[in-house]
Structure formats: C-alpha cells, structure tokens
Amino acid sequence: MASSFANPLLAAPTRPLPRTVAIIGAGTIGPDIGYYLKSALPGLKLYLVDISREAVDRAIERFRAYAAKALAKGKMTESQAAAVTENLIGTLDYRDLADADWVLEAATENIELKKRIFAEVEAIVRPDALITSNTSSLPAAQIFAALRHPERATVTHFFAPAWRNPVVEVVRWEKTAPEVVEHLRQVFCLTGKVPLVTADVACFMLDRIFDNWCNEAALLLDDATAAEIDSVAGEFVHAGPFFVLNLANGNPIITETNTLQAEMEGRHYRPAPIFRAVERWLTVVPGRPVEVAPALAAAIRARLLGILFSQTVDILDRGIGEAADLDFGCRQALAFRAGPLDLMKALGAGEAGALLQRFCIERPGMPGARRPLDDYQDFLRHILVDELDGVKVITLRRPEAMNALHDEMTDEILAVIRRYEHDPAVAGFVIVGYGNRAFCAGADIGRFPRLLGDAEGAAQYARDCSRLLVHLDRMQKPVVAALNGMVLGGGFELATRCHGIVAQRQAWMQMPEVTLGIVHGIGAMVVPYRRWPQAAAEFHAMLRRAERLQATRALELGVVDALADDYRSLVLTAVERVKALQGKVAGVPAGAVELGALAPIEPKAASGQPLSAEVIAIMEQAIRAAAAAPTLEAALEVGYRAFGDSACTAAAREGISAFQEKRKPDFTRTP
Ligand code: COA
C-alpha cells in the first residue's frame with residue numbers, strides 16, 4: 001500500500017506521469033483542465049472528446065487563444081506556446097481512448113449520464129487506466145457504483161478557471177486504491193496544482209462551504225436585499241454570493257447540490273425556494289457596497305459567519321478535509337479574504353463560539369462544535385511535516401506566494417524544530433519547498449509597504465524575522481536545506497543558515513532585493529562571505545547585480561554539498577546529509593573576514609534593469625562593515641540596520657510599489 005505523506009512528492013511514485021490523457025467534455029471546464037495539463041506536460045498526447053464536433057473545434061481554438069495570450073504576456077516561449085496545440089486531438093469517437101493512461105470526464109453533472117459515459121469508457125480502456133470524474137458535489141460512490149474496476153477511479157474537483165486556479169480536490173473513497181489517490185496528488189503537485197484530499201461526501205469539502213454560504217444568503221432575502229447581503233459579505237470575500245451566482249449562472253446548481261445534501265444529511269440543508277424563481281440577482285459589484293443599517297448588517301454578518309463556522313467545525317469533526325487545506329482552499333478557490341479558521345482565530349473563541357451557538361439555535365439541525373473552539377486551531381497553517389528515516393521533513397507550503405516566508409511561517413518552522421530538537425529519536429531536519437517551482441521566493445513582499453520610511457521599524461522587523469536563523473546558528477542537530485527550484489532573497493538567507501545545502505540540478509539562487517530598491521536584511525550581506533569566502537566574487541555579483549547562481553556552479557564553489565535529479569531523490573539526499581552531519585554541525589565562523597575587492601560597478605542588474613546607486617552604496621558599506629565586524633552578532637546587526645536605511649529610500653518606495661502593481665520599477669527617477 002502506498003504510504004501517505006503530507007507532502008505528496010515524498011512518496012515513491014507507483015506510476016509514471018501520464019503520457020496520454022483523454023478529457024471527455026469540450027464545454028468550459030474540460031478544455032481549461034486540458035490546457036493546464038498541456039502547459040505543464042507539453043509532451044502529453046491529449047484527446048478532447050465530445051459528442052459535438054463544433055464543441056471540440058471551439059475548445060481547440062480556446063487552447064490557441066490561451067497560448068497566444070500567454071506568449072504575448074511573456075509567460076510562455078514560442079516553442080512552449082506551439083507545444084500546447086501539438087498532439088492535441090479532438091474526437092467524437094470513444095474508441096480513440098483505448099491507449100489513454102487517464103480518462104478524465106468533465107462533461108456533465110447528471111449522474112445517469114456520467115454512469116453511461118463510464119460504462120462506455122470502461123469497455124474501451126485498459127483495466128489499469130485511471131478514471132476520474134470532475135464534479136462539485138456528486139459522491140464517487142454513486143458515480144462509480146457500477147464500475148468493474150472501481151479501484152482505479154475517483155472524483156476530482158477543479159475550480160474555475162481550471163487552467164489557473166491552483167486548487168483541486170481529490171476524493172478518497174473506500175473503493176479507490178490508495179495508490180491512485182497518491183498518484184493523483186503527485187501528478188497535480190508536479191504540474192503546479194495544490195491537491196486537497198477530501199472524504200467522499202456530498203459536495204466534498206469546499207462546496208460544502210460555498211453552496212451553504214450561498215444558500216444561507218438566499219434564506220436571508222426575507223429580511224435584506226441581495227445588494228445589502230453582498231455588501232456585508234464583502235468583509236469576508238472578494239465578491240458577494242449573489243454576484244458570484246450571477247457570474248456562474250449558479251442558482252440551479254445550488255438547488256441541485258443542496259437538495260443532494262438535504263437528501264443525504266437532513267432537511268436543514270434544503271435549498272432556498274427562491275433559487276427556483278429567480279434567474280439573476282440585482283446586486284452590487286465588488287468594492288462598491290451599499291449602505292446597510294447597522295442592526296441589519298449585524299444580523300446578516302452573524303448568519304453568514306454562523307454558516308461558515310458551522311460548516312468548518314463539521315468538516316473537521318467528520319474528517320472531511322484537513323484544517324490547513326480548508327483555509328487554503330477557501331482563500332484560493334473560493335476567494336475568501338481569510339480562511340474560516342483564521343477568521344475564527346481573529347475573532348477569538350468567545351465571539352466565534354457565540355456566533356456559532358446563535359446560528360445553531362436559529363437553524364436547527366445545523367452542525368455545532370463538538371469540541372472547545374480553541375481545539376480546532378491546533379494545526380500548522382503554512383508548513384507540512386513528515387518523517388523520513390528518523391528525519392523530520394518540513395515543507396514550506398505557501399504556493400500562492402511561491403512559498404515566501406513571513407513571520408507566521410517562520411514561527412511554525414521554529415516551533416517544529418524546538419519540539420524535536422532534543423528528541424533522541426529525531427536525527428535532524430530537512431527544509432524543502434512545496435511543488436516543483438520554488439524552494440522559497442524570499443520574504444513576503446506584501447509585508448514591506450508598512451516598513452517604508454521607518455528605519456527603526458524596518459531594522460526591528462529584520463531582527464524579528466531572524467529568530468529562526470539565529471536559532472539555526474546555535475543548533476547542534478543538523479538542518480539541511482533541499483533546494484527544489486528557485487531560491488530567492490530570504491529563501492537563500494534561510495538556506496545559508498542551514499548546516500548543509502543540497503539542490504536539484506536545475507535549481508538556482510538569486511538575491512533580487514536590489515531590484516526592489518532594498519538591501520538584504522537577514523544575513524545575506526554577512527553569512528555567505530563568512531561561510532564560503534572562496535565564493536566572495538559570486539556573492540558580490542548576486543547582491544549588487546541580482547545575478548543568478550546556478551546549483552551546478554554552487555556545487556563547484558562548495559556552497560551546495562550535493563545535487564539530485566528529481567524531487568524525491570533530493571529529499572533522500574538531504575536526509576543522508578543530515579545523517580552525515582551528526583555531531584559535526586559547524587556554526588557560522590564568528591570572526592572578521594577578508595573580502596575580495598569590491599570594485600565599483602555601474603548601477604545595473606544582470607538582467608539590464610537600471611538600479612538605484614544610493615541603495616548599492618548602502619549595500620557596499622554594509623558588506624564592508626559586516627566583514628570587519630568582530631562577531632557574527634555585530635555583523636548581523638549591521639545588516640539589520642542597513643535594511644532599515646534602505647527602507648527609507650525613494651528607491652524602496654518605487655521598487656515595492658512596482659512589484660505590487662506588477663510593473664517594472666523605474667529607478668532612474670530616484671537617486
Ligand atoms: N512575496 C510575496 N508574494 C510573492 C513573492 C514574495 N517574495 N514572490 C512571488 N509572490 C507571489 C506573486 O505576487 C504572485 O501572486 P499573485 O498570483 O497573487 O499575483 C504569485 O506569487 C506568483 O508570482 P508571479 O510573479 O505571478 O509568478 P512569475 O512566475 O511571473 O514570477 C517570481 C515568479 C518569483 C520570479 C516573481 O514572483 C518575483 O520576482 N518575486 C519576487 C521575488 C523577490 O524579489 N524576492 C525577494 C524578496 S525580499
């Protein structure tokens with residue numbers, strides 16, 4: 001049986017990545033799923049199957065249009081864009097599916113039709129071909145009841161737009177072989193998605209939130225207008241329920257899915273009757289709320305939070321999904337501003353509990369908390385923790401920000417390390433990034449704007465962010481960084497404080513801070529020079545010109561200890577490295593260090609982007625002062641203060657705003 005790791009890429013693969021996939025249904029979601037798969041796996045042979053030639057042709061046209069847009073935006077190269085429509089075959093004939101490794105149905109939400117499709121599919125495909133059905137609500141046990149080989153079948157649930165939305169639910173139902181669920185998790189993770197495993201219940205995990213949120217909103221229409229409800233909901237979601245229902249023509253869907261929940265779980269889930277009578281809602285666009293009388297706003301807010309919290313505790317109490325997945329999915333798939341567990345935490349157990357209790361009285365039958373509310377908060381939000389051969393593997397999981405570090409994530413890593421540091425059964429730790437793109441994209445830039453113009457505050461922020469790194473400096477038990485993709489800024493600073501570094505062959509490191517108009521706050525101007533003085537010239541170029549350091553070159557320089565070809569062997573190599581470092585952890589050298597020449601350079605990044613001379617000057621002064629500092633502590637302090645100084649430059653303001661506005665900074669207007 002396949003073992004289950006929180007990080008899907010730690011398990012030994014039981015099947016190769018699919019080479020031939022058939023998607024049944026050329027409507028909207030089918031081609032969107034297909035486009036995502038073809039972009040991630042360009043060599044894939046993809047069949048698009050439908051009963052209408054026109055639908056198939058339109059779908060292929062959509063692939064072309066998406067690829068042209070990606071090319072125009074610089075997200076794809078010409079050859080990547082061309083590969084998207086190569087080996088893409090539209091067909092009306094199920095017999096073409098005979099060689100498929102995976103048949104993915106995304107044609108219908110009608111259960112009888114799904115059953116007919118799968119009977120036909122099973123008659124044609126190999127007995128071990130994967131079969132999945134995409135649905136937002138129908139349990140796998142119903143869809144696949146008649147399959148001869150149900151062990152290779154399950155449900156996936158993609159979210160719109162499926163080519164971009166990272167979330168996909170993968171349903172673990174009793175007849176699916178565990179290896180199939182593990183394989184799907186790996187395929188999704190390796191192709192840029194974030195698979196969330198759920199139990200096989202009606203509406204799985206996330207649509208229990210979404211459908212009931214919408215249904216509750218509709219039940220409130222006796223007392224408030226759709227515009228008023230959407231306006232109040234705007235505190236919690238980017239778009240209110242009625243606005244979203246208009247976009248998705250969702251009224252009949254909620255009627256169907258809540259009828260299903262009512263049939264399976266009780267009358268309290270029955271759909272609001274008004275869904276059958278209304279086609280479109282008169283409501284507001286997001287960001288332009290109407291005035292709502294305070295008492296009414298409070299009542300709406302209480303009901304909306306009530307249903308949200310009721311579903312949340314029910315999902316966790318029944319083991320329908322994991323807490324971190326629920327928060328992540330609500331933010332990324334359903335566009336909630338914060339996950340429901342984060343919302344509960346922010347309100348406090350007292351207020352959240354009172355709202356939930358009041359809701360359960362108003363809506364008899366709706367689930368309430370089975371445990372004290374604080375118990376539901378006991379989970380790791382930003383990291384995954386697994387164990388491999390006596391080593392704790394910590395996976396940074398913030399795919400929405402390329403695993404960028406912020407205080408809460410840093411604190412979670414530190415808490416896990418502290419918990420096991422003195423446990424004799426744990427040999428050490430490996431830190432790796434989730435997915436196949438990034439180890440870590442640095443510090444979370446979203447936290448920077450409030451530091452601008454505040455030298456002391458910014459320096460203190462850098463000191464605070466260093467809690468984990470300073471702890472690593474003092475540890476005896478080895479921590480090894482496993483670099484699984486790009487390693488930027490604070491991610492590089494974290495790696496250089498680990499006691500060993502291993503990397504995937506194609507990984508690379510870069511310090512882009514100077515392109516944001518700031519200097520490196522948490523050790524990059526200090527630690528690399530002390531640990532690897534032989535690579536000083538490379539570090540100068542990384543810091544001052546944002547030049548990349550390839551893992552292969554880092555190996556030659558002695559910065560990286562070993563290379564690996566794929567994710568799993570990377571982590572296994574890191575585990576071996578932990579073992580080899582037992583009793584041999586060396587701290588960062590404490591004394592002053594001789595630097596190679598820091599010859600003047602033109603203020604221009606390796607990419608050609610003009611840089612701020614003022615920021616480079618702050619950096620050069622800090623590099624020199626830190627190298628001359630008699631202790632590591634004093635040297636790090638130089639870095640914190642230089643970061644504070646850089647936060648007060650006009651360049652920092654321009655660089656950070658440009659990143660947030662998704663444009664190139666213009667440092668020519670700043671000194
Ligand atoms: N902090 C916060 N969010 C980050 C981030 C960071 N360091 N790096 C990436 N992200 C976010 C992006 O804002 C984007 O979020 P969105 O989808 O909500 O807009 C998401 O991650 C994906 O990044 P995107 O830029 O769309 O992907 P890309 O493939 O075009 O580029 C990077 C990837 C990493 C090269 C680019 O995001 C980047 O340059 N990031 C900043 C890296 C940096 O300067 N780090 C040092 C910080 S001190």
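Label reach from Gln506 (point 7 Å along Cα→C-beta): in segment 545-571, amide nitrogens under 17 Å belong to 549-553, 563-571. When the GluC sites (Glu not before Pro) in segment 102-191 are filtered for DSSP coil states and for at most 12 other beta-carbon atoms within 10 Å of their beta-carbon, the remaining sites are Glu174.
Taking a sphere under 14 Å around the Cβ of Ser133 and counting the other residues whose Cβ falls inside, with K and R at +1 and D and E at -1, yields a net charge of -2. Between the amide H of Val526 and any residue lying 5 or more places away or on another chain, no distance stays under 5 Å, with hydrogens modeled in the peptide plane. Among DSSP beta bridges whose residues both lie in the chain, state the antiparallel percentage, nearest 5. Just about 20 percent of them are antiparallel. All other residues whose Cβ lies under 11 angstrom from that of Glu265 are scored, Lys and Arg at +1 and Asp and Glu at -1, for a net of +2. A convex hull fitted around the alpha carbon atoms of the chain yields 166 Å³ per residue. Expressed to the nearest 5 percent, the antiparallel share of DSSP beta bridges inside segment 325-471 is 45 percent. Each residue of segment 41-85 gets 60 Å³ once the volume of the Cα convex hull is shared out per residue. Straightening the chain between His268 and Arg116 buys 51.5 nm, computed as 0.36 nm per residue apart minus the Cα-Cα spacing.
Anything over 32 Å Cα to Cα? Flag those among Lys392/Lys664; Lys45/Lys115; Lys69/Lys193; Lys579/Lys604; Lys345/Lys584; Lys193/Lys604, in the order listed. In this structure, Lys392/Lys664; Lys579/Lys604; Lys345/Lys584; Lys193/Lys604 lie more than 32 Å apart at Cα. Obtain the nm distance between the two label points defined at Arg126 and Ala354 by a simple spin-label model: each point lies 7 Å from its Cα along the Cα-to-C-beta direction. According to this spin-label approximation, the distance is 6.2 nm. The angle separating the long axis of helix 650-660 from the principal Cα axis of greatest extent in the chain is about 30 degrees.
Against the main long axis of the alpha-carbon atoms of the chain, helix 206-219 sits at an angle near 60°.
Put a dot 7 Å past the Cα of Val278, heading toward its Cβ, do the same for Trp532, and the two dots end up 6.1 nm apart.
Across the chain, the longest run free of exposed loop sites, meaning trypsin sites (Lys or Arg not before Pro) lying outside DSSP classes H, G, I, E and B with no more than 11 other Cβ atoms within 10 Å, spans 281-473.
DSSP bridge analysis restricted to segment 124-201 gives an antiparallel fraction near 25%, rounded to the nearest 5. Net charge in the neighbourhood of Leu92 (other residues with Cβ under 12 Å of its Cβ; Lys, Arg +1, Asp, Glu -1) is -3. Per-residue ellipticity at 222 nm from helix content only, as computed over the chain with -39500 (n - 2.57) for each DSSP H run of at least four residues, stands at -13500 deg cm²/dmol. Using only the Cα atoms of segment 10-121, build the gyration tensor, take square roots of its eigenvalues as a ≥ b ≥ c, and label the shape rounded, prolate or oblate: rounded if a/c is under 1.5, else prolate if a/b is larger than b/c, else oblate. In terms of gyration-tensor shape, oblate. Normalise the Debye intensity by I(0) for segment 504-642, one equal point scatterer per Cα, no solvent, then take log10 at q = 0.13, 0.16, 0.19 Å⁻¹ and round to two decimals. Log-scaled intensity ratios, in q order: -0.62, -0.89, -1.14. Computed on segment 1-62, with alpha-carbon pairs under 8 angstrom and 6+ residues apart, the relative contact order is 32 percent. With one equal scatterer per alpha carbon and no solvent term, the Debye-computed log10 I(q)/I(0) for segment 584-671 at 0.13 1/Å reads -0.55. Helix 407-420 axis versus longest C-alpha principal axis of the chain: approximately 80°, rounded to the nearest ten.
A simple spin-label model places the labels of Thr91 and Ala199 3.9 nm from each other, with each point 7 Å out along Cα-to-Cβ.
Fully extending the segment from Arg568 to Glu362, taken as 0.36 nm per residue of separation minus the present Cα-Cα distance, adds 69.1 nm.
A Förster radius of 56 Å combined with the Cβ-Cβ distance from Asp222 to Ala455 puts the calculated FRET efficiency at roughly 0.50.
When you filter the GluC sites (Glu not before Pro) in segment 260-331 for DSSP loop state and at most 12 other Cβ atoms inside 10 Å of their Cβ, you are left with Glu279, Glu291. Residues in segment 285-298 carry Karplus couplings, in order, of 7, x, x, 10, x, 9, 5, 10, 4, x, 5, 5, 4, 5 Hz; the curve used is 6.51 cos²θ - 1.76 cosθ + 1.60 with θ = phi - 60°, and Gly or Pro positions show x. The simple Förster model, with R0 at 51 Å and r as the Cβ-Cβ distance, assigns Ala634 and Arg64 a FRET efficiency of 0.30.
For segment 253-371, the Kirkwood estimate of the hydrodynamic radius, built from every pair of different alpha carbons, is 15.9 Å. DSSP loop GluC sites (Glu not before Pro) in segment 338-445 with at most 11 other Cβ atoms within 10 Å of their Cβ, which ones? For GluC sites (Glu not before Pro) across segment 338-445 that sit outside H, G, I, E and B with at most 11 neighbouring Cβ atoms in 10 Å, the list is empty.
Read-outs throughout are calculated quantities, based only on the coordinates presented, and are distinct from any laboratory measurement. Because the structure is a prediction, the values reported are computed rather than measured. Every residue, glycine among them, receives a Cβ derived from its backbone with ideal geometry; neighbour counts consider all protein chains shown.
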